[in-house]
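Input: a single structure, listed below in structure tokens.
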Amino acid sequence: MRAVTFQAPGEVRVDEVAPPELTAPDEAIVRVEASGVCGSDLHIYHGRVAMEQGFVLGHEYVGTVVAVGDQVTRVAEGDRVLGTYCTACGECFFCARGDFHKCDHGRVFGHGATLGSLPGAQAELLAVPNADLTLRRVPEGMSDEVALFAGDVMGTGYHAIAETGVGEGSSVAVLGLGPVGLCAIQAARAAGAGRVIAVDTVADRLELARELGAEPVHLTEEDPRAAVKAATEGRGVDATVDAVGHPDALELACRLTRKAGVVSATGVYAERIEVHMGIIWIKALTLKTGHANVIKHLDPVLAKLESGALDPSPLVTHHMSLDDAAEAYDIYDRREALKIVLTP
């Protein structure tokens, strides 16, 4: 089968690889009909995440079940399904607490040996462990490009907001208006946030944030701290989402957030960084970090997508063939695309 494989930093290609087979009774095999190129894939592409040459990439997918193990009961052969970026056992200490993203046996699709050696979804076929927990049927009438967001990008944006306790009338800042940041804006508005300040440097993304109900602020041509003070009577926002994953963004998030507020560091951090603990301590900030618990949030996110309360379709800017994956990565790396959907 054809699949997108990692070759070296800055280089991916489409190779012929062996198709997956059922190896456990809880598994399913999915014929992938749409997959996404994600900002997390760029961390691999840039060499920030260790990756073996030839490993299959990708962790966002929608498709049709073509085979199931004997223990799979929630989905069946022929079902159109979507899945989460990670797997979980459902039984360990962390899963019992609902912390599926910290499962002792959890694995992430398309991230090599670092995160479980689970081949990725930018391929024609995908093996899905613990299918009853990882997969859901796609609601009738929902497009592939909307369903694709449930198991990662919208789930991550939703998690970023849910973890901060944002509710009716809350004020929120979102730093970084890639797909996760824009989904966080939608999640904040759906949760009842009264003011959402959206910060980036890309004009098109700032305009889309405005269309989604946020107040756009250019990072360098305007003053985000002044904008937040003006919007909150000088206090700072109740919560800030760092959807960038950069030390400068995290420090700005801490400065924009009010005393006793919450910072959600949702952007990926792979290296040691310096944190201004004095700001965090004196303001009594709560810092939330880590992978998004998309398995926990999957059903409510899917319900909001089905109702239209969340709608990621405006974020999709490119549809490309799996065969053009190298070009897709290059376009995404140059920030010429917001979200790319690949089809085999």
Peptides 72-83, 50-61, 151-162, 117-128 ordered by average Cβ neighbours within 10 Å, highest first: 151-162, 117-128, 50-61, 72-83
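Count the DSSP beta bridges whose two residues both fall in the chain, then state the antiparallel fraction as a percent rounded to the nearest 5.
For the chain, the DSSP antiparallel bridge percentage is about 55.
Let's test the formula: R0 of 35 Å, r as the Cβ-Cβ distance of Glu52 and Lys102. What FRET efficiency results, to the nearest 0.05?
Once rounded, the FRET efficiency stands at 0.90.
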Stretch gain in nm, segment Thr64-Thr23, where the contour uses 0.36 nm per residue and the Cα spacing is subtracted: 12.9 nm
message: To make sure I understand the rule: partners must be aspartates and glutamates, Cα under 14 Å from the Cα of Lys339, and not fewer than 8 residues away in the same chain. Which ones qualify?
response: Asp41, Glu60, Asp144, Glu145, Asp152, Asp204, Asp311, Glu327, Asp330
- prompt: For the chain, what is the mean residue ellipticity at 222 nm derived from helices alone (per DSSP H run of n ≥ 4: -39500 (n - 2.57); sum divided by total residues; nearest 500 deg cm²/dmol)?
  reply: -7500 deg cm²/dmol
message: Would any residue of the range 280-308 have its amide N under 20 Å from a label point 7 Å out along Cα→Cβ of Ser143? List them or say none.
response: 301-308
- line: Over 28 Å (Cα to Cα) among Lys229/Lys304; Lys102/Lys229; Lys102/Lys304 -> Lys229/Lys304; Lys102/Lys229
task: Highest first, please rank the peptides 93-105, 15-27 by the mean number of other Cβ atoms sitting within 10 Å of their residues.
output: 93-105, 15-27
message: Using a 7 Å offset from the Cα along the Cα-to-Cβ direction at both Glu233 and Met320, what is the distance between the two label points in nm, to one decimal?
response: 4.9
- request: For Ala260, put the label point 7 Å out on the Cα→Cβ axis and report which residues of the range 206-240 keep their amide N under 16 Å from it.
  value: 235-239
Ranking by accessible area, most exposed first, for Asp41, Asp323 with a 1.4 Å probe: Asp323, Asp41
His246 versus Ser313: modelled label distance in nm, points set 7 Å from Cα along the beta carbon direction: 3.3
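The values are calculated or read from the model by the stated rules, or taken from the named source; none is laboratory data. Being a predicted model, the structure only gives us computed values, none of them experimental. FYI the Cβ positions are ideal-geometry reconstructions off the backbone, even for glycines, and counts take in every protein chain you see. These accessible areas exclude ligands, DNA and RNA; they are computed on the full protein's heavy atoms, side chains included. Shrake-Rupley method; radii C 1.70, N 1.55, O 1.52, S 1.80 Å.
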